[in-house]
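Undergrad: Structure in structure tokens, see below.
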Amino acid sequence: IIIICSSIFIMLSITASYLLSKKMMEPIMESWNNQAMFVENASHELRTPLTVIQNKLEQLLTTPQEKISNKFEHIALSLSETRRLTKLTSDLLTLTRADSAETQFTKTSIELDSFIQEVCAPYMEIAESQDKHFWLNLEAPIQLEVDKDRFHQLLVILLDNALKYTSEKDSVGVKTYIEDHKVVLEVRDSGSGIEKENIPYIFDRFYREDKARSRETGGTGLGLSIAQWIIRIHNGTVKVYSDPKKGTVFKLKFPK
Ligand code: ADP
């Protein structure tokens, strides 16, 4: 009886420790898989512009000078792909630092309306040059504790997208107000919108609803992942309301 009992006890202990180690390993394996997928996607995204640049340079080098009719086009394309690479590497660096919690934040109190006006000034000019209407509806005075650089980056990501996904005569705007003792910041546009079934994925790394259009406009598919991280470090939340017929609203809420 003692031998049987001890064998059962040993078998149970082995099974329990196996199950426990499997359960403990699951989050490690998941994080490892996510990391591997991130590296794979990043490599793919980096390789695309590099291939274009390499092809263009090789053509320029191997074709006799007198036969190159579109030299300017080759150089212009290489330059725009180089800009993409610069943006991509800087976005990748931001996200890698965000993952390792390496980034330091310095939070200071800002007057939200004047901060937004300052960030929006160049966008108003861009909108005008693209024949779009840019509006501001800012409640004053609202004070908010933010890391200025990161908060600036957050607005830039949302405004860049709003302008990117709108056409002539469309409108883009920023609204702030207080709701349930929280500070609300909305970036609204009357552009192409997002299909309902795609909304849950827009914050995923490298996700683009329309890859070709995003590439054309210099998108990396990383902007909203960075925006989501910046919102999180400011203890905020984000909701997205979008309709391909009406446009998109990014509604951000921050503690006062
Ligand atoms: P991208 O560099 O492609 O703009 P983002 O991470 O900033 O990457 O956005 C992810 C995707 O979300 C975009 O490719 C686009 O499909 C969608 N999106 C983001 N903002 C808007 C917007 N204001 N209007 C329509 N679609 C948007």
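Undergrad: Could you check the simple spin-label distance between Gln117 and Leu95, using points 7 Å along Cα→Cβ, in nm with one decimal?
TA: Label-label distance for Gln117 and Leu95, simple model: 3.6 nm.
Undergrad: Would you mind calculating the relative contact order of segment 102-208 from Cα pairs under 8 angstrom and at least 6 residues apart, reporting the percent as a whole number?
TA: 26 percent
Undergrad: To check my understanding: the extent here is largest minus smallest coordinate of the Cα atoms along each principal axis. What are those three numbers for segment 24-79, in Å, largest first?
TA: 66, 17, 8
Undergrad: What are the ³J(HN,Hα) couplings of segment 166-171, residue after residue, when phi is run through the Karplus curve with 6.51, -1.76, 1.60 and θ = phi - 60°? Round to Hz, x for glycine and proline.
TA: Along segment 166-171, the couplings run 10, 10, 3, 6, 6, 10 Hz.
Undergrad: Measure nothing fancy, just the Cα-based angle from helix 112-129's long axis to the longest principal axis of the chain, in degrees from 0 to 90, nearest 10.
TA: Its long axis makes an angle of about 50 degrees.
Undergrad: A further question on this structure: Determine by what factor the alpha-carbon radius of gyration of the chain differs from 2.2 N^0.38 Å, reporting the quotient. List each step's numbers first, then the result.
TA: On the way: Rg = 24.6 Å, N = 256, 2.2 N^0.38 = 18.1 Å.
Compared with the compact-globule rule of thumb, the chain sits at 1.36.
Undergrad: In addition: Hey, could you grab the Kirkwood Rh for segment 1-132? Inverse mean 1/r over distinct alpha carbon pairs, Å, one decimal.
TA: Values: mean 1/r = 0.0462 Å⁻¹.
About 21.6 Å, per the Kirkwood formula over Cα pairs.
Undergrad: Taking the mean number of other Cβ atoms within 10 Å as a proxy for protection, how do you rank 135-147, 29-41 from highest to lowest?
TA: 135-147, 29-41
Undergrad: So what's the angle, to the nearest 10 degrees on a 0 to 90 scale, between helix 2-62 and the longest Cα principal axis of the chain?
TA: Around 20 degrees separate the two axes.
Undergrad: On to the next question. Taking the Cα centre as origin and putting +1 on Lys and Arg beta-carbons and -1 on Asp and Glu beta-carbons, what dipole magnitude results for segment 162-223, to the nearest 20 debye?
TA: Values: 11 positive and 12 negative charges, 44 e Å.
Result for segment 162-223 is approximately 220 debye, rounded to the nearest 20.
Undergrad: What FRET efficiency comes out for Trp135 versus Lys107 if R0 is 41 angstrom and r is the Cβ-Cβ distance? Round to the nearest 0.05.
TA: FRET efficiency, Trp135 to Lys107: 0.90.
Undergrad: Another one. Can you check what the net charge comes to around Thr220, using other residues whose Cβ is under 10 Å from the Cβ of Thr220 (Lys, Arg +1; Asp, Glu -1)?
TA: Summing Lys and Arg as +1 and Asp and Glu as -1 gives +3.
Undergrad: Something else now. Mind putting a number on the dipole of the chain about its Cα centre? Charges go on the C-beta only, +1 for Lys and Arg and -1 for Asp and Glu, and I need it in Debye to the nearest 20.
TA: It comes to approximately 460 debye.
Undergrad: Normalised radius of gyration for segment 206-256, please: alpha carbon Rg relative to 2.2 N^0.38 Å, two decimal places. Each step should come with its number before you reach the end.
TA: On the way: Rg = 13.0 Å, N = 51, 2.2 N^0.38 = 9.8 Å.
Normalised Rg, Cα atoms only: 1.33.
Undergrad: Over the Cα atoms, compute the radius of gyration (one decimal) and Dmax (the largest Cα-Cα distance, rounded to a whole number) for segment 121-256, in Å.
TA: Values for segment 121-256 (Cα only, Rg and Dmax): 14.5, 42 Å.
Undergrad: Set Lys and Arg Cβ to +1 and Asp and Glu Cβ to -1, take the dipole of the chain about its Cα centre, and tell me which of Leu185, Ala127, Ile1 lies farthest positive.
TA: Ile1
Undergrad: In nm, give the distance between the simple-model label positions of His44 and Lys246, each being 7 Å from the Cα along the Cα-to-Cβ direction.
TA: Going by the 7 Å Cα→Cβ label model, 3.4 nm.
Undergrad: Next question, about the same structure. Measure nothing but the geometry: give the 0 to 90° angle between the long axis through the Cα atoms of 71-99 and the longest principal axis through the Cα atoms of the chain, rounded to 10°.
TA: Around 40 degrees separate the two axes.
Undergrad: With a 1.4 Å probe and every protein chain kept in, tell me what percent of the accessible surface of segment 29-150 is carbon plus sulfur.
TA: Working: 4530 of 8320 Å².
Percent of accessible area from carbon and sulfur atoms in segment 29-150: 55.
Undergrad: Please compute the contact order of the chain in relative form: average sequence separation of alpha-carbon pairs under 8 Å and at least six residues apart, divided by the residue count, as a percent.
TA: RCO, the chain: 16 percent.
Undergrad: Something else: Quick one: of the DSSP bridges fully inside the chain, what percent are antiparallel, nearest 5?
TA: Roughly 80 percent of the beta bridges in the chain run antiparallel, per DSSP.
Undergrad: List the extent of the Cα atoms of segment 154-211 along each of their three principal axes, largest first, rounded to whole Å.
TA: 38, 29, 21
The values are calculated or read from the model by the stated rules, or taken from the named source; none is laboratory data. Since the structure is predicted, the reported quantities are computational estimates derived from the model, not experimental observations. Using ideal geometry, Cβ is built from the backbone for each residue, glycine included, and neighbour counts are taken over all protein chains shown. Heavy atoms of the whole protein, side chains included, go into the accessibility calculation; ligands, DNA and RNA do not. Shrake-Rupley method; radii C 1.70, N 1.55, O 1.52, S 1.80 Å.
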